[in-house]
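Written out below as structure tokens is the structure these notes cover.
The values are calculated or read from the model by the stated rules, or taken from the named source; none is laboratory data. No experiment lies behind these values; they were computed from the predicted model shown. Glycine gets a Cβ as well: all are built from the backbone with ideal geometry, and neighbour counts include every protein chain shown.
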Amino acid sequence: MTEDDKDALKEFLQGAGMIVFVVGVFILGLILIGQLQNPPEQKFEVVDTYNGCDVVRYTPDYSARYAYFLDCK
């Protein structure tokens, strides 16, 4: 491989890296826009009653578990 070939390959890889970076930023932007357009789910929901109190189910942020508490008036 000659020096000219090495220089050409180096320039090609730098250009390809820039294209991959731009496409990645574009895809990340689309994902973020999609997240902003979806309304957040309701975090609190009354699911039952217990001794005259409401049993409330709570969904913490970024969690796959529910938390419950009693809301007595």
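Quick rundown of the values:
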| read-out | value |
| --- | --- |
| Test: residue in the stretch 17-38 that is part of a loop (DSSP other than H, G, I, E, B) and either loosely packed, with under 10 Cβ neighbours inside 10 Å or out of contact with any strand residue (DSSP E or B) (no Cβ under 6 Å at 6 or more places or on another chain) (or both) | yes |
| Top-ranked residue of the stretch 39-69 - restricted to ones that are of a type in the set (S, T, N, Q) and surrounded by fewer than 10 Cβ atoms within 10 Å (Cβ to Cβ), ranked as modelled with the highest pLDDT | ASN51 |
| Unmet criterion (only one of (1) more than 29 Å from the chain's Cα centre (by Cα); (2) exposed (fewer than 10 other Cβ atoms within 10 Å of the Cβ)) for LYS6 | (2) |
